[in-house]
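Colleague: Mind having a look at this structure? Questions to follow.
The values are calculated or read from the model by the stated rules, or taken from the named source; none is laboratory data. Predicted model, so just to flag it, every value in this text is computed and none were measured. Note that each Cβ is placed from the backbone with ideal geometry, even for glycine, and that neighbours are counted across all protein chains shown.
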Amino acid sequence: MLSTLCIDILIRILSHMDPQDIINSRQCCRSLRDASLRRIVWIDAVHRISCESKGIGTRFLTDRMSIHELEHVATAPCRFISRIRRSLKRGDKFLLPISIRLLNLNIPSGVPPARLTMLRLLPGGQFLITSNFDCKLELWDLRFMPNALIPPLPIASVVVPNLLLEGNGDGRLIIQPIEDGSGFYILVVPAPKLLNGEEWWGVSSQSA
């Protein structure tokens, strides 16, 4: 029955299915398999989970991603929940990482590594914001595949005067992604003893 439907109708059907169900539908017939391999199906799936997962899809430039990368992002919430359930069923005390990523802090040889004052992993897991004692905010691209290489340098950075975060002061850092995925708005609320008021900063790949 489904094999007699045109590709546009099959794509519309898949647009109402969970990402994991889209993958499972490939076992039904060749027509559904062909439809499930269309980019528009997975771009739509990423946008749909953004509504269910507090906007993680806005952190990804879906027009630049391969189908495999889109599938990986769209199915990430389901895979993560399944992993937690398996770990609980085994009685594990904690969840082991599936990959370990190392940042290149660009420290010259013989110089002690700079101490980071803040690490903030943004929803979606692709971008990491760090700050150090030099009052510098840096944006790192961790990629969205666990085996992908991290760029050796941050993709953007900005110096924020009087930046005291975490255990070094009473300052706050509020991060809001730009809707088109091109960067982030950063609201810095300094420690009251240093500055009255608030400051807005923009960090994006274009400012690198």
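Colleague: Name the residue, out of Ser131, Ser207, that is of a type in the set (Gly, Ala, Ser), modelled with pLDDT of 65 or more and touching a strand residue (DSSP E or B) at 6+ places or on another chain (Cβ under 6 Å).
Modeller: None of the other options fit; the residue is Ser131.
Colleague: List every residue pair whose Cβ atoms sit under 6 Å apart, with the two residues 6 or more apart in sequence or on different chains, where the first one lies in segment 64-87 and is free of Cβ contacts under 8 Å to residues at least 12 places away in the same chain and closer than 20 Å to Arg33 by Cα and the second, anywhere, is of a type in the set (D, E, K, R) and surrounded by fewer than 13 Cβ atoms within 10 Å (Cβ to Cβ).
Modeller: No pair meets every condition.
Colleague: Which one is modelled with the lowest pLDDT among residues in segment 69-107 that are part of a loop (DSSP other than H, G, I, E, B) and of a type in the set (Lys, Arg)?
Modeller: Arg101
The rows are residues; the columns are (1) of a type in the set (Gly, Ala, Ser); (2) closer than 20 Å to Thr62 by Cβ; (3) modelled with pLDDT of 80 or more.
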| position | (1), (2), (3) |
| --- | --- |
| Leu139 | no, yes, yes |
| Pro161 | no, no, no |
| Gly169 | yes, no, no |
| Arg172 | no, no, no |
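Colleague: Quick check on segment 46-68. Is at least one of its residues within 21 Å of Asp141 (Cβ to Cβ), surrounded by 18 or more Cβ atoms within 10 Å (Cβ to Cβ) and modelled with pLDDT of 90 or more?
Modeller: no
Colleague: Let me ask something additional. Going by the conditions given, is Ala74 outside the structural domain of Gln176 (by TED's automatic domain parsing) and within 21 Å of Leu142 (Cβ to Cβ)?
Modeller: Here the answer is yes, as Ala74 does meet what is asked.
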